[in-house]
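Taken together, the values in this text are just the output of simple stated rules run on the coordinates, not laboratory data. Values in this document were obtained by computation on a predicted structure and should not be read as measured data. Cβ atoms come from the backbone with ideal geometry, glycine included; neighbour counts cover every protein chain shown.
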Amino acid sequence: MKTVADLMTKDVIWVSPTAPVKSAVMLMKGHGIGALPVVDADQAVVGLVNQEHLLGEPSDVRIAEVMQRDFPSIDPGATVQEAAELMSARGASHLVVLDEGRLAGILARSDILPELGKSFDPLTGLPWSDSLREWATAALKRGAEIAVIFFDLDGFGQFNKTHGHVVGDQVLREIAEVIRKGTDPELDFVCRYGGDEFAIVSLRRADEARALALVIQERISSTRIPGLTETVSATFGMSGGRRTREREDIHYAATIDNLITRASKDCTARKARVSVGEAQPAEPEVARPTAAKPARFRIRAINISMTGTQAQVAVKLLSGKTEYTAERSAYASDIRTVLRTIAEASAAAVSNALAEDHGFVVEELYVQSTESGDEIVTVVASYVTPGTVTKHVGSALVRRGDRHWAAAAATLDAVNRIVEIAPQAEQ
């Protein structure tokens, strides 16, 4: 998706707060523009003046007396959609673009309308696939791995014939909202691909992306559309999220096209198996400990490294003599973000011991203080299978100030409550 910096006017014509109104009128007419930032002697933006502010004002009145001091401003890195929402909320025709407090440009409503018409679906409010491709391209250029998840509603053509397009449009809006709410804008980009198809491009690895898709699929099936007795279901396909080394001589557009095609074909194949009543492929057998009781997962190591504001987390777990590992990274904005990243890495390590379409997803993480001054980390995790999503809670006391260990231990405690084979965390 394009940003404000892509569309704004960079060579900005501005006016001084001490200049008379007639100077602003001449600048606007001469340059064919509808608004002027007001910049003082220190090069600070102190206001905004547009044609409406000048109507009926004496020509010799100073700009400082008629300018808008509480003017709407936006960062150059903001999205076009964010700019449109700000303009709507403020009833503004122009936004002053500020980069660290300094004038960087000006954005007019006419600058963004063509882009909004091209990039957003007016029915669901989701971007179209061109924005998804831009987002995916930017991720690949940063060296990130991506996964593509492709959703297709089941039997929607017949549904439209039975209930009509008005009801069909309501279904599409509801499902779009389910998918949007089920994703994280820091990790995922959602679009309406076309018709009754939706796509997600995600920075998650394959196991997490598949778990996300299963959760969303379950939530779609659980959605109740007002006025309808039937339930709506969807089939998904997925590709990507498995690369273990840097790509060489990459062609970004071709890579994205390939991932989308494979995800779409995977979705079509799954839908075909269901439509003819064939059984889904059996889940691969996963080796389990042969002891009378299941071996317990225990925390072997938690390693955290920082690169600037990026936290890299590696968790190692033991089950019997088998080691399971997983790595996750996140923008470390606060301690809770780091703890959640540890919990997600712990859940991913356990998921590595399960069948491909089974896994654990961390839903929530809380840090609470007791009356005695102790801290408790609580994790809400879901165990996801092709047909079910089971949610439970695990907690761990922070010992010796080690919140990192507590986040992993709370996750394993939740795991133990979700599935019979999952062990308790050892302390």
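General remarks:
- Stretch in the chain that is longest and holds no GluC sites (Glu not before Pro) that DSSP places in a loop and that have at most 14 other beta carbons within 10 Å: 1-99
- Pairs of Lys in the chain closer than 25 Å at Cα, counting only those 8 or more apart or on different chains: 16
- Note: the chain, Cα convex hull, 219 Å³ per residue.
- The range 4-115, relative contact order [Cα under 8 Å, separation at least 6], %: 30 percent
- Remark: the chain carries a charge dipole of roughly 1000 debye about the Cα centre, counting +1 on each Lys and Arg Cβ and -1 on each Asp and Glu Cβ.
- Built from the Cα atoms of the range 158-248, the convex hull projects on average onto 6.9 nm², one quarter of its surface area.
- Taking the range 297-418 and dividing mean pair separation by its residue count, relative contact order in percent (alpha carbons under 8 Å, at least six apart): 19 percent
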